1. Filter the stretch 122-178 for residues that are closer than 19 Å to Val258 by Cα and hydroxyl-bearing (Ser, Thr, Tyr) and give the result.
2. Out of the stretch 387-440, which residues are buried (at least 18 other Cβ atoms within 10 Å of the Cβ), within 44 Å of the chain's Cα centre (by Cα) and among the hydroxyl-bearing types (Ser, Thr, Tyr)?
3. Which residue, of Ser287, Ser191, Ser198, is under 30 Å from Ser332 (Cα atoms) and either at pLDDT 95 or above or part of a loop (DSSP other than H, G, I, E, B) (or both)?
4. Do we have Ser152 as assigned to a loop (DSSP other than H, G, I, E, B), touching a helix residue (DSSP H, G or I) at 6+ places or on another chain (Cβ under 9 Å) and surrounded by fewer than 21 Cβ atoms within 10 Å (Cβ to Cβ) here?
5. Sort out which residues of the stretch 50-82 are under 30 Å from Gly138 (Cα atoms), in contact with a strand residue (DSSP E or B) (Cβ under 6 Å, 6 or more places away or on another chain) and surrounded by fewer than 18 Cβ atoms within 10 Å (Cβ to Cβ), and write them in order of number.
6. Confirm whether Ala146 is among the small types (Gly, Ala, Ser) and part of a loop (DSSP other than H, G, I, E, B).
7. Please work out which residue is farthest from Asp123 (Cα to Cα), limiting yourself to the stretch 161-217 and to residues that are surrounded by 21 or more Cβ atoms within 10 Å (Cβ to Cβ) and of a type in the set (Gly, Ala, Ser).
8. What number goes with the only condition from (1) in the same structural domain as Leu114 (by TED's automatic domain parsing); (2) of a type outside the set (Ser, Thr, Tyr); (3) touching a Leu at 6+ places or on another chain (Cβ under 7 Å); (4) under 30 Å from Thr83 (Cα atoms) that Asp262 does not pass?
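The values are calculated or read from the model by the stated rules, or taken from the named source; none is laboratory data. This is a predicted model, so every value here is computed, not measured. Cβ placement follows ideal geometry from the backbone for every residue including glycine, while neighbour counts extend to all protein chains displayed.
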Amino acid sequence: MHALSKLFEALHLTRRVKHAGGHYRRRRQTSRRSSFLSCETLESKQLLAADLAQAFATIELDTTDPVTVAIEGKFQEDTVSGTVVKFETNAPVSDSDIYIELDANTPLTNANFLSYVNNGAYDNTIFHRSVNDFVLQGGGFTAPTADANQPSSDPIAIPTTGTVQNEPGNQNTRGTIAMAKLGGQPDSATSQFFFNVSDNSFLDSDNGGYTQFGQVLGSGMTTVDLLNDTVTYNAVDYYANTALAELPLYNVSADNIVKAQDFETITNADVVTESDLMTYVVSSSDSAKLTASFDGNGDLVLTPNASASGSVTVTVTATSKLDNSTASDTFSVQLGGPVAPVLTAIEEAGNTVLNKDADGKLYAGDQPLYMSGSTQLTETYFAAYTPVAVEDFGDGDKRFVLKHSTGSLLTFSMSATWTRTGNLPWIETNDPTAFNTAELEYGVDFDDDGNTGLIFTPIETAGSTALRRDQSGRL
């Protein structure tokens, strides 16, 4: 148990005095540090924006069971490309989380840092050092769970896993995070890190250069500044720990007993996904037919109401946790099964109509034409070819005809499900007999000469009108 009188002597007498105006931050306009701070609006990685990464597809539902649609990958932060770690803190503000994007230039440091994050070593740890307008340091000690007049009330060093090689090169500017290390030992970093509260360019070369390995995203520096502004105490003697000479504490009570809740704490540290950087809202254009909500995993849940039919639109809006920018996407949900597409005729001769839908997909009547498997043919599927005819001649003889830009005809044999099974012989324009036979067979004027499959032989050409006969002997 700690002697409270010693606490008063060691802590209370070294308490930092507030500046006029009720704040602790020192910004001298003539100082070099102040001149750096005047450029804060140019901090990197701050031009953030929520954006749609992948649009939702139209959904067809023929069930009344809820359907889950994954939200991951649908929205993104435009400028965030690296691994992001979230620190949840006990800072006394509504938005107390700090998001950090790791820098790809420091792979060894990143791996070391993430090993502590992933094994929970940073959960319920304290910021044990705060130097106003300089750094806020953590990653070294667990948060006490008892008040200072109770057993087990000391901050305990977290277990470390060895040192990591120094990776200097990135600048220690305001809003970045770097590894702490021992003086004169460039490769001595383990678990402790610090936030640069100001531009600390001398750290780029001091002690071999301090490894800056990440950037605070969005408004996270507001939380860091608040934590850095908290009153600090010299707790070296009280806790018998030389690392606690500048310990930030919240509102130490009049009895000078440090309570567990007085420590600045990282309550949880986690790697987060792109979707974790957003909050989401969803709306249905007709909630009587379809309700839209989110499940415990953050995925979209669509629940059709019984006997509902028709089309409902659903709008999902993502709001960035980093800068409150938004992005939305609206998609259709068709209830009661798929809706027949609206078809337009390309060719109507014979007993089978060649149709296309609004997307250019091709149909024999109302049956889709397939190249293979589930790949549906479209009017632009083959470059330099135009769909011109489709016909079911019976007895399993189904064909699809395309016209090349040279005028020649390519014919596919088709299966019972109108899927291509092979190619029939080409019909060339320099073979008029075969070409015109095809015109008669399909009932289509393939060469656009105004005649469908007729070959004329002159009988008499005197005067203004010629007498001719076709290949069937008709005059």
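1. Within the stretch 122-178, Thr125, Ser130, Thr142, Thr145, Ser152, Ser153 meet the criteria.
2. Scanning the stretch 387-440 gives a single hit, Thr419.
3. From the options Ser287, Ser191, Ser198, the qualifying one is Ser287.
4. The answer is no for Ser152.
5. Once the filter is applied, which keeps residues that are under 30 Å from Gly138 (Cα atoms), in contact with a strand residue (DSSP E or B) (Cβ under 6 Å, 6 or more places away or on another chain) and surrounded by fewer than 18 Cβ atoms within 10 Å (Cβ to Cβ), the stretch 50-82 yields Asp78, Gly82.
6. For Ala146, the condition - among the small types (Gly, Ala, Ser) and part of a loop (DSSP other than H, G, I, E, B) - is met.
7. Ser198
8. Answer for Asp262: the failing condition is (4).
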